[in-house]
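Contents: one structure, followed by commentary.
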Amino acid sequence: MSDLLSDARDLRQKLYRLEVLLQIEKGRRTRTWFTGKAPEDPQRTVAMRKLVKAGLIEAAPPPIHFRLTPEGQDLLKAVRAKVGAHGELDWTRADEIDFSKL
């Protein structure tokens, strides 16, 4: 049971980092959003560090603060190609996406 719980936590963290990656793609954010000082989400700072370490995002001058790297853009392109065909969400192909960088 602990292996299943560990796998579930790992998946949840990867999905959260994917969500942060998508938010960065949208563009301009406040400094408190990126530093994790926003009260609604204390996990953001950890997610940002992991995304930088994985090479999916990089620092950028304000007001952007962070932007996607080419690798980050490629990952989001792959996600959209596999699960977002024709504007509809289709998770049946999610296992084809390499989430190892997240």
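The values are calculated or read from the model by the stated rules, or taken from the named source; none is laboratory data. All values derive from a computational prediction rather than experimental measurement. Backbone-built Cβ (ideal geometry, glycine too); neighbour counts: all protein chains shown.
The residues on offer are VAL79, VAL46, VAL83, VAL52, and the sole one that is of a type in the set (Val, Ile, Thr) and out of contact with any helix residue (DSSP H, G or I) (no Cβ under 9 Å at 6 or more places or on another chain) is VAL52. Residues of segment 45-77 that are among the small types (Gly, Ala, Ser) and within 22 Å of ASP7 (Cβ to Cβ): ALA47, ALA54.
Name the single residue that is modelled with the lowest pLDDT among those in segment 1-24 being in a helix (DSSP H, G or I) and farther than 23 Å from GLU71 by Cα. So, considering only residues that are in a helix (DSSP H, G or I) and farther than 23 Å from GLU71 by Cα, the one modelled with the lowest pLDDT is SER2.
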